[in-house]
Amino acid sequence: MAIVEIRNFSKRYGDFEAVRDFNLDIEEGDIFGFIGPNGAGKTTTIRFLSTLLEPTTGEARICGLDVLKQPLAVRKVIGYMPDMFGVYEGMRVWEYIDFFAAVYGIPKADRKKIIDDVIQLLDLDKKRDTFVEGLSRGMQQRLCLAKTLVHDPKVLILDEPASGLDPRARVFIKELLKALRDMGKTIFISSHILSELADCCNKVGIIERGELLAAGGVRDILSQFSESVRIEIEILSDPGVCENILHTFPEITSVEVFGKMFKVEFNGELTSIPDIHKKLNEGGVEVLWFKDTPPDLEDVFMRVTKGEVA
């Protein structure tokens, strides 16, 4: 049984339809990556799931609870992290977390251990007594995640949690998501960082102009929508000879030349790729580097959608 179920969800603002006839199931333990261009309907869907938005039509259940009819019960089992959030000036890190623990009705006697646990999980030990307005963007993201986890929710709904972070901070968030999955959390995450979603998510959904275009396992999506393999070749000899040989393969649909570097699109059986390398050698081309790269989530995203990546 799915832990998150969305059925026939639509949201209209006057004549504009932000989301149209959206259906989705997410199983317990999934890390589901939700991707799409700006204005595709990602945040609208997330706000609906988080009980913050009334649908025009449709319904949803989380952990068997009706999002529309049981919003207070739903809020107890979800942890929602918006893409934009505020921090309260004059509060120290531990006070900020304590405030949200109190909001969730956690008894004061239990809060100290909970605060200690989430501070340790988010690696905020050294910032415990720092005023929240003095934290860096990355540390504020960690703090927001800490308050999202304070009531031990079963389902996490995260809207762009790595937005604006430097590479080191994004790696931390990615590893944290994996740790949370291992702790039994189900995670619904919206992000534009496609390569990192593919690395930490087991399922993805692609939305554009309010319609869910594809959803399923990452490998299944890549297999379903990928048509070609990228090959990068660097040579030491005459690039003209190399280019002529490459054009003899009907499976090669595109050849880009950058001096003695080639970027090739290959649309054929993977077992045929070694034949390209062999023919180049036989033709007298001195190959310095030959690398084939299977299509990734970004390739699929660009193929399936028509909008711009934001």
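The values are calculated or read from the model by the stated rules, or taken from the named source; none is laboratory data. Remember, it's a predicted structure, so these values are computed and weren't measured experimentally. Virtual Cβ from ideal backbone geometry, glycine too; neighbours counted across all protein chains shown.
In the stretch 201-217, is there at least one residue being in the same structural domain as Gly29 (by TED's automatic domain parsing), on the phi > 0 side of the Ramachandran plot and in contact (Cβ under 8 Å) with a residue 40 or more places away in the chain? Checking the stretch 201-217: at least one residue is in the same structural domain as Gly29 (by TED's automatic domain parsing), on the phi > 0 side of the Ramachandran plot and in contact (Cβ under 8 Å) with a residue 40 or more places away in the chain. Can you confirm whether the stretch 195-210 contains a residue that is small (Gly, Ala, Ser), in a helix (DSSP H, G or I), farther than 18 Å from Arg142 by Cβ and touching an Asp or Glu at 6+ places or on another chain (Cβ under 7 Å)? Yes, the stretch 195-210 contains at least one residue that is small (Gly, Ala, Ser), in a helix (DSSP H, G or I), farther than 18 Å from Arg142 by Cβ and touching an Asp or Glu at 6+ places or on another chain (Cβ under 7 Å).
Residues in the stretch 153-171 that are among the β-branched types (Val, Ile, Thr) and either under 15 Å from Ala73 (Cα atoms) or at pLDDT 90 or above (or both): Val155, Ile157. Taking the stretch 64-114 as the range and being within 16 Å of Leu143 (Cβ to Cβ), surrounded by 16 or more Cβ atoms within 10 Å (Cβ to Cβ) and of a type in the set (Val, Ile, Thr) as the test, the residues that pass are Val87, Val93, Ile97, Ile114. Note on the stretch 125-152: residues that are outside any helix (DSSP H, G or I) and surrounded by 21 or more Cβ atoms within 10 Å (Cβ to Cβ) amount to 1.
With respect to Ser136, determine if the residue is in contact with an Asp or Glu (Cβ under 7 Å, 6 or more places away or on another chain), at pLDDT below 95 and over 23 Å from Val67 (Cα atoms).
no
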